[in-house]
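Here's the structure, in structure tokens; my notes come after.
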Amino acid sequence: MSWINKLQEKWGLTSIKQVIIILIVFACTGFTVLLIKPLVTNYVTDNGTTNEWFKIVYWVLIFPFYNVILLTYGFLFGQFDFFWAYEKKMINRFRRKKNDSPAQ
């Protein structure tokens with residue numbers, strides 16, 4: 001079984017074409033975030049150099065934007081339902097970890 005077939009089975013998709021489209025959506029989202037970073041860096045900093053605080057804040061703030069971009073590309077490529085379910089699953093994982101942590 002090839003890795004594409006494994007992804008198809010894991011994600012519960014109907015065709016290999018759908019797997020390829022979803023991989024393209026992930027690639028487009030990552031590429032878009034890659035293009036956004038220099039724009040944000042140049043806008044926020046004087047000469048484009050960053051410190052550790054900027055990097056931490058950037059990664060915390062880029063997470064919600066990544067998800068919005070992912071849903072947007074998912075919609076444009078006709079896979080919104082898959083990515084909406086993917087987002088809900090990811091949010092539930094965060095909630096579960098938060099609720100599973102011991103109370104202090």
### Message
It is to be established whether one or more residues within region 32-55 are within 28 Å of I4 (Cβ to Cβ) and without any contact (Cβ under 8 Å) to a residue 24 or more places away in the chain.
### Response
yes
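Mind telling me which of the residues I36, I56, I62 ends up being in a helix (DSSP H, G or I), touching a Phe, Trp or Tyr at 6+ places or on another chain (Cβ under 9 Å) and hydrophobic (A, V, I, L, M, F, W, C)?
I36
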### Task
Test Y86 against the stated conditions and say whether it is surrounded by 12 or more Cβ atoms within 10 Å (Cβ to Cβ) and within 29 Å of W3 (Cα to Cα).
yes
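Would a scan of region 39-46 turn up a residue that is out of contact with any strand residue (DSSP E or B) (no Cβ under 6 Å at 6 or more places or on another chain) and in a loop (DSSP other than H, G, I, E, B)?
If we filter region 39-46 for residues that are out of contact with any strand residue (DSSP E or B) (no Cβ under 6 Å at 6 or more places or on another chain), which is where we start, we get 39-46.
Within this subset, residues satisfying the condition of being in a loop (DSSP other than H, G, I, E, B) are 45-46.
There is at least one residue in region 39-46 that is out of contact with any strand residue (DSSP E or B) (no Cβ under 6 Å at 6 or more places or on another chain) and in a loop (DSSP other than H, G, I, E, B).
Being open to solvent by 70 Å² or more (accessible area, probe 1.4 Å) and either modelled with pLDDT under 95 or closer than 22 Å to L13 by Cα (or both) is true for just one of V44, V40. Which residue is that? Full working, then the answer.
On the way: V40 fails: open to solvent by 70 Å² or more (accessible area, probe 1.4 Å).
So the residue among V44, V40 that is open to solvent by 70 Å² or more (accessible area, probe 1.4 Å) and either modelled with pLDDT under 95 or closer than 22 Å to L13 by Cα (or both) is V44.
The values are calculated or read from the model by the stated rules, or taken from the named source; none is laboratory data. Quantities reported herein were computed from a predicted structural model and do not represent experimental measurements. Glycine also receives a Cβ, built like all others from the backbone with ideal geometry; neighbour counts cover every protein chain displayed. Only protein heavy atoms, including side chains, enter the accessible area calculation; ligands, DNA and RNA are left aside. Shrake-Rupley method; radii C 1.70, N 1.55, O 1.52, S 1.80 Å.
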